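Heads up: the structure comes next, in structure tokens.
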Amino acid sequence: VKSINASGHKFGLAPLGVGWVLWRDVADLPEELVFHVSYLGGDMPTFQINFSRPAGQVIAQYFDFVRFGKAGYTAIHGSSHEIAQYCAKEIGKIDGFEIIHDGAPSKGIPSAVWTQDEKSDHGFTLYDLADRLRMRGWQVPAYPFTGELAHKVFQRILVKRGFNREMADLLLADLKQAIAYLRLHPQKAIPSPAQQGSYNHL
């Protein structure tokens, strides 16, 4: 591994617009990414100076690093993982759903990810479920898989700081209510990807 990038505005808890990339060694930094700036009477090769954008987000990120430290970030994200695992456990109890990611820290980010099993006709898609949840004020997106599994769809809850157990219970209650409604009112037409209106990363 020569470089790692991360979004400071996601789990770094900084404002939008902060991203980080770290190289193992300066020799691994591509020369075309280096700016040569005439500054204070000399040539300054640099990667970080940018004179056209504000630095408020970077300062906020630095403040968070100093304020929380490793222990603080561990506690914050540890709590998020616990809630993600709780959501995954409860969703896994719902008939017809398969958990793909259970929110365990050793497996990835604090999220619960699931899909519909192929054992029966559900009468609705995860896009339909996302729409019903949106009516209740929740953004729980559904996405298509890629490659050989492009015909399947998954849905996820991403847990961030501020989303507590009480909110999780409210979301789960609305999720179960939405599923109950969709099972009583099967969707007769399956919308095309364009009609589904869900965000596509491809």
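Of note:
- Scanning region 112-143 for residues that are on the phi > 0 side of the Ramachandran plot and in contact with an Asp or Glu (Cβ under 9 Å, 6 or more places away or on another chain) yields one hit, 137.
- Residues that are in a loop (DSSP other than H, G, I, E, B) and among the aromatic types (Phe, Trp, Tyr) within region 1-41 comprise just one, 11.
- Counting residues in region 129-138 that are under 14 Å from residue 94 (Cα atoms) and at pLDDT 90 or above gives one or more.
- Restricting region 69-122 to residues that are closer than 23 Å to residue 153 by Cα, out of contact with any helix residue (DSSP H, G or I) (no Cβ under 8 Å at 6 or more places or on another chain) and among the small types (Gly, Ala, Ser), the residue that is surrounded by the fewest Cβ atoms within 10 Å (Cβ to Cβ): 120
- Any hit, region 144-151, residues being buried (at least 18 other Cβ atoms within 10 Å of the Cβ), in contact with an Asp or Glu (Cβ under 8 Å, 6 or more places away or on another chain) and of a type outside the set (D, E, K, R): no
- The set of residues in region 2-50 being of a type in the set (D, E, K, R) and either surrounded by 10 or more Cβ atoms within 10 Å (Cβ to Cβ) or at pLDDT 85 or above (or both) consists of 2, 10, 24, 25, 28.
- Odd one out for residue 53 among (1) exposed (fewer than 10 other Cβ atoms within 10 Å of the Cβ); (2) modelled with pLDDT of 75 or more; (3) part of a loop (DSSP other than H, G, I, E, B): (2)
- Of residues in region 147-194 being within 18 Å of the chain's Cα centre (by Cα) and small (Gly, Ala, Ser), the one modelled with the highest pLDDT: 168
- Residue 28 vs. criteria in contact with an Asp or Glu (Cβ under 8 Å, 6 or more places away or on another chain) and farther than 25 Å from residue 164 by Cα: no
- Residue within region 125-137 that is assigned by TED's automatic domain parsing to the domain that holds residue 186, surrounded by 16 or more Cβ atoms within 10 Å (Cβ to Cβ) and free of Cβ contacts under 8 Å to residues at least 12 places away in the same chain present: yes
- Count of region 66-88 residues, restricted to those that are touching a Pro at 6+ places or on another chain (Cβ under 6 Å) and polar (S, T, N, Q), is 1.
The values are calculated or read from the model by the stated rules, or taken from the named source; none is laboratory data. Nothing here was measured: the structure is a model prediction, and the numbers come from that model. Heads up, the Cβs are rebuilt from the backbone with ideal geometry, glycines too, and the neighbour counts pull from every protein chain shown.
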